[in-house]
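Following: one structure in structure tokens, then a few remarks.
The values are calculated or read from the model by the stated rules, or taken from the named source; none is laboratory data. Treat the numbers as computed from the prediction; the structure is a model and nothing was measured. The protein model used for the area step is the full one, side chains on, heavy atoms only, and it has no ligands, DNA or RNA in it. Shrake-Rupley method; radii C 1.70, N 1.55, O 1.52, S 1.80 Å.
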Amino acid sequence: MITISGLTKRQVELLDTMWELKDMEDYEQWRDSLDEDTMNMVDTLEQMVLLAQSDELEDCECEKAMAYLSKYML
């Protein structure tokens, strides 16, 4: 589960809307309909979600991937 602390009520509302959209096309249409300030906030929230998601990768998953890739390193 992704957790992002310190969000405003408006940011939480935007994230809720983002989660409710069915596909990328719906997301892009919604995003493009926003005013510039809100669009910038949505872009920031999107990056925050991606960063939070990458933080949740388990170390063992990375270790397994590195062990596998090391077989092909010269």
### Query
When only the heavy atoms of the protein chains count and the probe is 1.4 Å, how do GLU46, GLU20, GLU13 rank by accessible area, highest first?
GLU20, GLU13, GLU46
### Solvent accessible area, Å² - SER33, 1.4 Å probe, full protein context
90 Å²
### Summary
For LYS9, counting only lysines whose alpha-carbon sits under 24 Å away and dropping same-chain residues fewer than eight positions off, the answer is LYS22
